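Asks: Got a structure here, written out as structure tokens. Questions coming.
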Amino acid sequence: MYFTRIECLDPTQQQQLLVAGSSVAVLLTCYYWVYQGRKTKRIPIGDGWWGAGEKPQSEDEKVFPFQVQTSDEEIQDLYDRIDRTRYTEPLKDTGFQYGFNSTYLKKVVSHWRHQFNWKKQIAILNKYPQFKTNIEGLDVHFIHVRPPHREGQRVLPLMLVHGWPGSVYEFYRILPLLTNSLDSLAFEVICPSIPGYGFSEAPHKQGFDTLAAARVFHKLMERLGFSDYYLQGGDWGAIITTNMAQMKPECVKGLHLNMLTNKMRGFGVLFSILIGRYLPWLVGFTREDVRRLFGSVGFMERNFYDIIRETGYLHIQGTKPDSAGCGVNDSPVGLAAYILEKFSTWTDFNNRDLEDGGLERKFTLDDLLTNIMIYWTTGSIVSSMRFYKENLKTNIDNRLDNHTGVYVPTGLAAFPDEVRHVPQSWARNRFRNIYSYSYMPRGGHFAAFEEPQLLADDLLQFVKKVEKL
């Protein structure tokens, strides 16, 4: 919230104010600041072991090169499974409202079977240096790109973290913008695969959540010789990097996010929802906040009913991921439909009305299928889905990170077609040191994949503010 701070009132005074009909905003502000005061400044680092068997007395800290490989047998198995696909005809005029439209799916699969060249895409995947190292019992995969030497150019370390149903391949269009820039500033970029995703080993034990991933990624940066660094993330990557900032703020020079989260509850949020459309200035909303939050359909339609319609996957993966996972792990076409529907809807909700889901407006089929192949060839879809279970199996409100502020310099990029908009006034509840908040002109959930130039520019301006350049 964005009210003037006042001294908090005891319950008797609160009752007196209510009886007297005094401003509700005053009382709500009181609750807000009491809630703020409960938050701690960091979360403990802890330790863990996710490998098979018992933890050894010492860990092998070797970093070894890695390259993506394939075989004719692997490709032929894919073709055989594609050829045996059984389709269901779509209902008339449904677009993507019922999920991936099978008429368009046949086009995608035909391209996959007859035009897509996995060996060529592997060569693209391998153009950036890749490595693995064992951390807490897991072989963690990462890309490590150093910029070419340019006289007078400053180089800063940066970690980019992906989410679901993405992979490190989402960053292949933004990597050259960050590492091969003619600007006075460039980045040495590390892109890890979340354990259980793509080329990183999946946890063998229960409990691997975003806090565990944050700790593992801190250990990765330490192992690579970095003592302080910048972080950027969206989707799960936004939560993991936020946890990293909460866990070891002394190591995080700055945090940049393209997906924002906040609790849709509490007196302050409720008050801003009730009056924000009519008196936006009173609760710190801008006109753009009002447009994105309420639009032409109203707050509840955009922020409640639409979210309910689009989070069925979350409830499945947060409860019984292995059940649904069996099907998509066995059928490449089922896997493609399940994942690519998200790249349609989360790019723009209006894509649900289109027969082709608008997929080729922002992406090429080769790029989309390369991401699918990373999941298919590694057999990692089930372990990636389990990540939801591990993070949602207990009451998320009781997690320490939800009661811990973020005090490192923070840059927030609000893309207009993100699943949910979070105004800066709400973001301040969690992020206490916001250096920049940008209303991005276009783009949705997969910012690095959709709009790499916009994301790179916003990240650069944020870092320059932090570095006072």
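The values are calculated or read from the model by the stated rules, or taken from the named source; none is laboratory data. Just so you know, these numbers come straight off a predicted model, no measurement behind them. As a convention, Cβ positions derive from the backbone with ideal geometry for all residues, glycine included, and neighbour counts pool all protein chains shown. Heads up: the accessible areas ignore ligands, DNA and RNA and are worked out on the full protein's heavy atoms, side chains in. Shrake-Rupley method; radii C 1.70, N 1.55, O 1.52, S 1.80 Å.
Asks: Applying 1/(1 + (r/R0)^6) with R0 = 30 Å to the Cβ-Cβ distance of residue 464 and residue 439, what FRET efficiency is obtained, to the nearest 0.05? Don't skip to the answer; put the middle values down first.
Replies: Working: r = 19 Å, r/R0 = 0.63.
Using R0 = 30 Å, I get an efficiency of 0.95.
Asks: Right, here's the next one. Of 272, 184, which has the most accessible area with a 1.4 Å probe, and how do the rest follow in descending order? Please report the intermediate quantities before stating the final value.
Replies: Values: 272 0, 184 70 Å².
So, going from the largest accessible area down, we get 184, 272.
Asks: DSSP beta bridges in the chain, what fraction antiparallel, as a percent rounded to 5? Don't jump to the answer; show the numbers that get you there.
Replies: Details: 14 of 40 bridges.
Taking every DSSP beta bridge with both residues in the chain, the antiparallel ones total about 35 percent.
Asks: Moving on to the next point. May I ask you to derive the FRET efficiency for residue 94 and residue 296 from their Cβ-Cβ distance with R0 = 22 Å, giving the value to the nearest 0.05? Mind showing how you got there, number by number?
Replies: Values: r = 23 Å, r/R0 = 1.03.
Using R0 = 22 Å, I get an efficiency of 0.45.
Asks: To continue, here is another question. As an exercise, identify the chymotrypsin sites (Phe, Trp or Tyr not before Pro) in region 53-127 lying in DSSP coil whose Cβ has no more than 13 other Cβ atoms within 10 Å.
Replies: Working: sites: 66, 79, 87, 96, 98, 100, 104, 112, 116, 118; in loops: 87, 96, 98, 100, 116.
Taking region 53-127 and a limit of 13 other Cβ atoms within 10 Å, the loop chymotrypsin sites (Phe, Trp or Tyr not before Pro) found are 87, 98.
Asks: Which number gives the lysine pairs in region 104-153 that have C-alpha atoms under 25 Å apart and are eight or more places apart or on different chains? Display every interim value, and only then the final one.
Replies: Working: 106/119; 106/120; 107/119; 107/120; 119/127; 119/132; 120/132.
Final tally of qualifying lysine pairs is 7.
Asks: With just the Cα atoms defining each centre, how far is region 359-385 from region 138-213? Give it in Å.
Replies: Rounded to whole Å, the Cα centres lie 17 Å apart.
Asks: Is the C-alpha gyration tensor of region 402-469 telling us rounded, prolate or oblate? Criteria: a/c under 1.5 is rounded; beyond that, a/b larger than b/c is prolate, otherwise oblate.
Replies: Numbers: a/c = 2.25, a/b = 1.18, b/c = 1.91.
Judged from the Cα gyration tensor, region 402-469 comes out oblate (a/c at least 1.5, b/c at or above a/b).
Asks: Along Cα→Cβ, 7 Å out, is where each label goes; now give me the distance between the ones at residue 103 and residue 399 in nm to one decimal.
Replies: Taking the two extended label points, one gets 4.1 nm.
Asks: What is the calculated FRET efficiency for residue 270 to residue 322, with r their C-beta to C-beta distance and R₀ = 45 Å, to the nearest 0.05?
Replies: Details: r = 38 Å, r/R0 = 0.84.
For R0 = 45 Å, the calculated efficiency reads 0.75.
Asks: How big is Rg to Rh over region 274-332, alpha-carbon atoms, Rh as the Kirkwood inverse-mean-distance radius? Can you show the working numbers first?
Replies: Details: Rg = 18.1 Å, Rh = 14.1 Å.
Taking Rh as the inverse mean 1/r over Cα pairs, Rg/Rh reads 1.28.
Asks: Now for a different question. So for 170, 74, what's the accessible-area order with a 1.4 Å probe, most first? The partial results should precede the final answer.
Replies: Details: 170 20, 74 55 Å².
Correct descending sequence by accessible area is 74, 170.
Asks: Another question, if that's okay. Using 0.36 nm per residue, how much length does the chain from residue 117 to residue 77 gain when fully extended, once their Cα-Cα distance is taken away?
Replies: Contour length minus the Cα-Cα distance gives 12.9 nm.
Asks: When a/c reaches 1.5 or more, the comparison of a/b and b/c decides; with that in mind, is region 69-134 rounded, prolate or oblate per its Cα gyration tensor?
Replies: Working: a/c = 2.76, a/b = 1.95, b/c = 1.42.
Since a/c reaches 1.5 and a/b is larger than b/c, the shape of region 69-134 is classed as prolate.
Asks: If you don't mind, another one. What are the extents of the Cα atoms of the chain along their three principal axes, in Å, largest first?
Replies: Principal-axis extents of the Cα atoms in the chain, largest first: 79, 58, 49 Å.
Asks: Also, I was wondering about something else. Between region 93-125 and region 329-345, how far is it from one alpha carbon centroid to the other, in angstrom?
Replies: Taking the Cα centre of each part, region 93-125 and region 329-345 sit 9 Å apart.
Asks: Moving on. At q = 0.17, 0.28, 0.30 Å⁻¹, what base-10 log of I(q)/I(0) does the Debye formula yield for region 195-239 when every alpha carbon is treated as an equal point scatterer in vacuo?
Replies: Those come out to -0.57, -1.21, -1.24, one per q.
Asks: Could you work out, for region 141-269, what percent of all Cα-Cα pairs fall into each 10 Å distance bin, beginning at 0 Å and stopping at the bin that holds the largest distance?
Replies: Result returned by the calculation: 12, 42, 33, 10, 3, 0.
Asks: Can you give me the three principal axis dimensions of region 276-381 from its C-alpha atoms, in Å, biggest first?
Replies: For region 276-381, the Cα spread along each principal axis is 53, 33, 23 Å.
Asks: While we're here: Please give the per residue accessible area of the chain, computed with a probe of 1.4 Å over protein heavy atoms only, in Å².
Replies: Numbers: 20910 Å² over 469 residues.
Accessible area per residue: 45 Å².
Asks: Could you pull out every whole DSSP H run in the chain that spans at least 30 Å of Cα extent along its own axis and averages 1.0 or higher on the Kyte-Doolittle scale? Don't jump to the answer; show the numbers that get you there.
Replies: Values: long enough: none.
None clear 30 Å together with a mean of 1.0.
Asks: Taking square-rooted eigenvalues a ≥ b ≥ c of the alpha carbon gyration tensor, is region 342-448 rounded, prolate or oblate, where a/c under 1.5 means rounded and, failing that, a/b exceeding b/c means prolate? Each step should come with its number before you reach the end.
Replies: Working: a/c = 2.25, a/b = 1.31, b/c = 1.71.
Note, shape of region 342-448 comes out oblate.
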